[in-house]
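One structure is given below, encoded as structure tokens.
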Amino acid sequence: MKLKCKKCGNDEFFYIKEKFSGETELVVDALGELTNLNAGAYDEMDSHLKSVFYYCSECDSKVGKIPKDKRY
Ligand SMILES: [Zn+2]
């Protein structure tokens, strides 16, 4: 699966919304892999609701559904 924003054409960076006593954003690349821009963020996540959608880093549009094996 390759992500691309239909609205603004961005095909590089996307994010996942995580909800747990607030909200944080994880940057992923076009293949849905976590990038190294998330240093430090991952450690703090433990029990929280899994995000289901990718969002565009450029325009915040919902870009696509996250496959089960790519949900962090
Ligand atoms: Zn976009």
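For this structure, a couple of remarks:
- Within the range 1-59, tally of residues that are hydroxyl-bearing (S, T, Y) and at pLDDT below 90: 6
- Neighbours by Cβ (under 9 Å, 6+ apart or cross-chain): first from the range 57-72, in contact (Cβ under 8 Å) with a residue 40 or more places away in the chain and assigned to a strand (DSSP E or B); second within 12 Å of the ligand (Cβ to nearest atom) and charged (D, E, K, R): V63/K4; V63/K6; V63/K7; G64/K4
The values are calculated or read from the model by the stated rules, or taken from the named source; none is laboratory data. This is a predicted model, so every value here is computed, not measured. Note that we place each Cβ from the backbone using ideal geometry, even for glycine, and neighbour counts take in every protein chain shown.
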